[in-house]
1. Return the loop-located chymotrypsin sites (Phe, Trp or Tyr not before Pro) in the stretch 39-137 (DSSP other than H, G, I, E, B) with at most 10 other Cβ atoms within 10 Å of their own Cβ; answer none if there are none.
2. What whole-number value in cubic angstrom gives the convex hull volume per residue for the C-alpha atoms of the chain?
3. Calculate, for H82 and R127, the FRET efficiency according to 1/(1 + (r/R0)^6) with r their C-beta to C-beta distance and R0 30 Å; round to the nearest 0.05.
4. With just the Cα atoms defining each centre, how far is the stretch 91-114 from the stretch 7-63? Give it in Å.
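Taken together, the values in this text are just the output of simple stated rules run on the coordinates, not laboratory data. Being a predicted model, the structure only gives us computed values, none of them experimental. A quick note on method: Cβ atoms are made from the backbone with ideal geometry, for glycine too, and the neighbour counts reach across all protein chains shown.
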Amino acid sequence: MKKVFADSVFWIAIIRPEDAYEQSALEALDSIGRAKLVTTEEVLTELCAAVSRSDSLLPRKTVPIVRALLASADVEVIPQSHASFLAGLDLYEQRADKWYSLTDCISMNAMLREGVDEVLTNDHHFRQEGFRVLMKV
C-alpha cells in the first residue's frame, strides 16, 4: 500500500474549525486515494501545541483525535527516539540557511527511512528537499 506522510499543517487544517487550509487539506487527501498515512510523534506534539494556542476548547477535543490516530490501522505513527532527535538535529544544523524547523527535519528523515516521497503539507521546505508537496498554498 502506498504511504503518504502527514505533516502538522495537514492535521491542524483537518482539526481546527474553519482553518484557512482546510479545503486544500481535504482536496489533497482525496487526491491520494487509498494510502496509509505516516506521521511522527513530534508532528503530533506540534499539532497539540498549535491548537492549544487557538481555542480554549480545542485541546480537549484534540486529545481524543490524537489517541484515535495512534490506534488507527490507517495511520502509522513513528515513535520519538533519541536517535531520531539527533539525526533531525544534524539535518537542522546542515540546513541552517533554509529556516527549517527541527520537527520538519525529523519528519524528512522519517520520510527517507520509510521510502515516502509525498507529503500532506503546503510547507515549501519539503519541496526544497525533493519531496512532493500535495497541499496547495
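1. Numbers: sites: F85, Y92, W99, Y100, F126, F131; in loops: W99, Y100, F131.
Within the stretch 39-137, the qualifying chymotrypsin sites (Phe, Trp or Tyr not before Pro) (loop, at most 10 other Cβ atoms within 10 Å) are W99.
2. Given the Cα convex hull of the chain, per-residue volume reads 107 Å³.
3. On the way: r = 29 Å, r/R0 = 0.96.
FRET efficiency, H82 to R127: 0.55.
4. Result: 20 Å between the Cα centres.
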